[in-house]
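All of the numbers you see were taken from the coordinates with simple rules; none came from a lab. Owing to the predicted nature of the structure, the values given are computational and were not obtained by experimental measurement. Here the Cβ positions follow ideal geometry from the backbone for every residue, glycine too, while neighbour counts run over all protein chains shown.
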Amino acid sequence: MRGFSARYMKRIFYFLSCALLTGFILPTPGASAQEFNCTVSTNFRNLTGNDFTFLDELGLNVREYINLRRWTDDAYEQNERINCTMQIIFTEAITLTRFRVRLIVASRRPIYGTVQQSTVTQFNDDSWVFDYARGTPLIFEPDRFHPITSVLNYYAYVMLGYDYDTFSEFGGTIYFEQARRVAEIAQATGSIGWAQMAGDRTRGELISQILDPRFREVRKAYWDYHYACLDRFVKDPDAARRKMLEVVNNLEVVASDVTRAYYLDQFFTSKYKEITAVFEGSSIASRAYDTLSRIDPSHLSDYSRMLQ
C-alpha cells in the first residue's frame with residue numbers, strides 16, 4: 001500500500017472534520033484514482049482556409065495527459081478528484097502546424113454540506129504559441145521545455161497548489177514549487193508567456209507572486225475562505241460571514257503594500273460572485289462593500305447588489 005504523505009493526512013483530517021459536521025462518507029485509504037477530472041475542449045472556428053479538424057485529436061490527447069497521470073504521491077478516491085476544465089481556443093494559424101492559442105483554465109472544489117462547488121482557479125491565458133501536427137504525442141518530461149506540455153504541467157501543478165491550499169494552510173507549497181521550476185526552465189528559452197516582470201500577467205509572474213512572502217496573506221486567505229467560511233456557512237452563516245469579512249480586511253492590507261498584484265486579482269476573479277452572494281442582505285454587507293470597493297473596483301457593480 002502506498003505510504004501516506006503529511007499532506008494526505010491533512011486531507012484525511014479535513015475530511016474527518018467535515019464528516020463529523022455534515023455526515024459525509026470518508027474517503028477510503030489506499031485509493032488509486034488520479035488527481036484530476038478534467039474536461040478539455042478545442043475550438044478552431046476562427047481558423048479558415050484549411051482542414052484543421054485534426055486539432056480535435058489534440059484535445060483528446062490533453063485530456064488523457066492531465067487525467068491519466070499521477071501528479072502527486074497522495075492517494076485519491078474517485079470522488080476526491082479535482083474537477084477542472086481546459087478550453088483550447090485557436091485564435092490564429094501562423095502556419096499549417098503552428099498556432100496562437102487562448103487557454104482558459106478553471107478548477108473547482110466542493111463546498112461541504114451542500115451540493116455546490118466553489119471555483120478555486122480561473123485563468124485566461126492568451127500567450128500560448130505552439131506547433132502541433134497530426135499524431136504528435138504528448139510526452140511528460142518536466143525537466144525539459146516543450147511549448148505544449150510545459151504549459152500543461154505548469155497549470156496542473158498550479159491547480160494542485162491552489163487546491164491543497166484550500167484543504168490545509170499553505171498545503172500547496174510543494175506543487176507551487178514544481179510550477180515555479182517549470183516556469184524557470186521555460187524562461188530560460190525566452191518563450192512567450194513565461195517572463196517574470198512586475199505588472200505583467202504572465203505564468204512566470206503569477207507563480208513568483210504566489211511564492212513571494214509579501215503575498216502570504218493571500219495564500220492563507222484560500223484556506224480561511226474555504227474551510228472557515230464556505231464549508232461552515234450552512235451550519236453557522238453569521239460566523240462564516242464574520243470570518244469572510246476578516247479575510248477581506250486582511251487582503252486589503254496586502255493590496256496597500258503591493259501594486260499590480262496579479263495573484264490578488266486572481267482571487268477576486270474566481271471569488272467575486274460567491275463573496276457577493278455570501279454578504280448580500282446581511283447586517284455587515286455595507287462594511288464588506290466599503291472594503292471591496294477599494295481593493296476590487298473592477299467588480300463594483302456586482303458588489304453593489306450586497307446592499308439591496
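Restricting to bridges with both residues inside the range 6-211, how much of the DSSP beta-bridge set is antiparallel, in percent to the nearest 5? Don't skip to the end; give the middle numbers.
Working: 23 of 31 bridges.
Bridges in the range 6-211 that DSSP calls antiparallel: roughly 75 percent.
Could you tell me which label, among (1) 31, 56, 12; (2) 27, 53, 18, 1, 0; (3) 34, 58, 8, 0, carries the value of P(r) over Cα pairs in 20 Å bins from 0, in percent calculated for this structure?
Of the labelled values, this structure produces (1).
Could you tell me which of rounded, prolate or oblate describes the range 213-292, using a ≥ b ≥ c as the square roots of the eigenvalues of the alpha-carbon gyration tensor, with rounded for a/c under 1.5 and, failing that, prolate when a/b is larger than b/c and oblate otherwise? Each step should come with its number before you reach the end.
Values: a/c = 2.00, a/b = 1.57, b/c = 1.28.
It comes out prolate by the Cα gyration axes.
Below 16 Å, Cα to Cα, which aspartates and glutamates can LYS220 reach? Residues fewer than 8 away in the same chain don't count.
ASP163, ASP165, GLU169, ASP212, ASP231, GLU246, GLU252, ASP265
Just tell me which aspartates and glutamates come within less than 13 Å, Cα to Cα, of LYS273; anything on the same chain fewer than 8 places away is out.
The qualifying aspartates and glutamates are ASP296, ASP302.
Treat each spin label as a single point 7 Å out from the Cα along the C-beta direction, and report the LYS273 to ARG81 distance in nm.
With each label point 7 Å from Cα toward Cβ, the separation is 2.3 nm.
Could I have the simple spin-label model distance between THR173 and ARG98, label points 7 Å from Cα toward Cβ, reported in nm to one decimal?
Once both label points are built, they end up 4.2 nm from each other.
If the label point is 7 Å along Cα→Cβ of THR39, which residues in the range 50-67 have backbone nitrogen under 19 Å from it?
Flagged as within label range: 56-67.
Could you line up ILE192, ILE94 from fewest to most neighbouring Cβ atoms inside 10 Å? Could you put the intermediate results ahead of the total?
Numbers: ILE192 14, ILE94 11.
Placing the least packed residue first, the sequence is ILE94, ILE192.
Run the helix sum for the chain: -39,500 (n - 2.57) per DSSP H stretch of 4+ residues, divided by residue count, reported at 222 nm to the nearest 500 deg cm²/dmol.
Values: 10 runs with 134 residues, N = 308.
Helices in the chain give a 222 nm mean residue ellipticity of -14000 deg cm²/dmol.
Explain nothing, just the number: relative contact order of the range 6-211, from Cα pairs under 8 Å at least 6 residues apart, as a whole percent.
Numbers: 340 pairs, mean separation 32.4, N = 206.
In percent, rounded to a whole number, it is 16.
Could I have the simple spin-label model distance between ALA239 and ASP56, label points 7 Å from Cα toward Cβ, reported in nm to one decimal?
Each label point lies 7 Å from its Cα, and together they span 5.2 nm.
Can you tell me how much longer the chain between THR91 and ASP212 gets when fully stretched, taken as 0.36 nm per residue apart minus their C-alpha distance, in nm with one decimal? If you can, show how the numbers build up before the last one.
Working: separation 121, 0.36 × 121 = 43.56 nm, distance 3.30 nm.
So the chain would gain 40.3 nm between THR91 and ASP212.
Could you tell me how far the Cα centroid of the range 172-244 sits from the Cα centroid of the range 259-274, in Å?
With the range 259-274 and the range 172-244 each reduced to a Cα centre, they are spaced 10 Å.
Compute a Gaussian network model of the chain, connecting alpha carbons closer than 10 Å, and tell me which residue from TRP71, TRP223, TRP194 fluctuates the most.
Fluctuation is largest for TRP71.
Considering Cα pairs under 8 angstrom that are at least six residues apart, work out the relative contact order of the range 224-308 and quote it in whole percent.
On the way: 68 pairs, mean separation 22.5, N = 85.
It rounds to 26 percent for the range 224-308.
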